[in-house]
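Scroll down for the structure; my scribbles are underneath it.
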Amino acid sequence: MKKQFIILSFFLLTYGLVPGQSEGNTRSLLWKVHGKGTQQPSWIFGTMHLLTNTYIDTLPAVKEAFYSSKTVAVELLIDETVQTKIMEASLLKEGTLKQILPDSSYALLDQWFKNEAGIDLTAFDAYNPVAVMTFVMGIAQMKYFPNPPGTMQLDGYFAEEARKGKKELIGLDTIEIQIDALFNSFTTDRQIELLNEFLNSNKSVQEQITLLYDAYLAQDLVKMEELMYGSYTQEEIGVLLDNRNKYWVEQLSTKMNEQSVFLAVGALHLPGENGLIELLRARGFTVEAVKTNH
């Protein structure tokens, strides 16, 4: 169950940390969308899975935007079927982690799990390298940035509050789209390459996550872009991020013309030429940064 929790907690995070292509539009997490015949403004809020709903209590503008909206949109609606599919996609199709990783990488990873979590790597031998990266990030997050008891991560919090308030709640992706992007679009060899680069960074996992956390609190999307997964190719970024943004904007353009929408998605879906901000502007919407207090 703990392994399942870690994968679910960080499944969307991976998408939100793929670098974009522009350094503009990068100093706010909350954006107002209006114009083009809209009757009421809509809102985009960039989330991060290291933060919980207590962070929203420090951002009154975000709470006001959320409660004023009729529809809440998130990346993916999680249910038992989704959880099962994510876990299935996380498994290697053949072989074991020990068999496919170079001996040096396996030893380094095994030592990390033993030192940081008191777990032997054999417990994860059935999982593919992408899933193992989410385990590493999840364990590090729980150790160095533990969530206060009784709190919820941001995406889940907004979805739950939408249900409580009887707002329309929509998921922009299907689980099949996300699995294809994160798992099926990468060969096993490419997953191994990415895992090796992650493990051999000149910064520890704790340092990497701390830098990311600080950049998010500073609302510095450019810094977040620089910190995470810079080794992805433009083609891979297209699969992981750009194509999904374009698919979302097709849905959002219609919905935002009908009523006020509060969109909560990973923060790095916002910036860049193919980010949500510029894609909505290209559709004729006015998209403006909103100052938040924190």
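Throughout, read-outs are computed from the coordinates displayed, never taken from laboratory work. What you see is a predicted model; the values in this text were computed from it and never measured. All Cβ positions, glycine included, derive from the backbone under ideal geometry; neighbour counts span all protein chains shown.
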Applying the gyration tensor rule to the Cα atoms of the range 153-198 (axes a ≥ b ≥ c; rounded if a/c under 1.5, else prolate if a/b exceeds b/c, else oblate), the class is oblate
Tell me what the chain gives for mean residue ellipticity at 222 nm when only DSSP H runs of n ≥ 4 count, each as -39,500 (n - 2.57), the sum divided by the residue total, rounded to 500 deg cm²/dmol.
-> -14500 deg cm²/dmol
Directionally averaged projected area (convex hull, Cα atoms, the chain), nm² = 14.3 nm²
What share of the DSSP beta bridges in the chain is antiparallel, in percent to the nearest 5?
-> 45 percent
Glu236 neighbourhood, Cβ < 12 Å, K/R = +1, D/E = -1, net charge -2
Mean 1/r over all different Cα pairs, inverted: what Kirkwood radius does the range 68-197 give, in Å?
-> 16.8 Å
Output for the range 77-159: trypsin sites (Lys or Arg not before Pro) sitting in coil per DSSP, at most 14 other Cβ within 10 Å, listed by number, reads Lys93
Cross-link list Lys32/Lys255; Lys63/Lys166; Lys114/Lys143; Lys203/Lys223; Lys143/Lys223; Lys70/Lys255: which exceed 18 angstrom alpha carbon to alpha carbon?
-> Lys143/Lys223
Tell me which lysines have Cα within less than 21 Å of Lys93's Cα, excluding those fewer than 8 residues away on the same chain?
-> Lys3, Lys85
Between beta-carbons, use under 13 Å as the cut-off and find the net charge around Thr188, counting Lys and Arg +1, Asp and Glu -1.
-> -1
What percentages, rounded to whole numbers, describe P(r) for the range 165-242 computed over all alpha carbon pairs with 5 Å bin width beginning at zero?
-> 3, 12, 17, 18, 19, 18, 8, 3, 2, 0
Does anyone have the angle between helix 243-258 and the longest principal axis of the chain? Alpha-carbon axes, 0 to 90°, nearest 10?
-> 30 degrees
Based on the alpha-carbon gyration tensor of the range 174-292 and its eigenvalue square roots a ≥ b ≥ c, which shape applies: rounded if a/c is under 1.5, prolate if not and a/b is larger than b/c, or oblate?
-> oblate
Name the long-range amide H neighbours of Leu169: under 5 Å, sequence gap of 5 or more, or other chain; modelled H, no Pro or chain starts.
-> Val72
May I ask for the net charge around Gln178, where only other residues with Cβ less than 12 Å from the Cβ of Gln178 are counted and Lys, Arg are +1 while Asp, Glu are -1?
-> -2
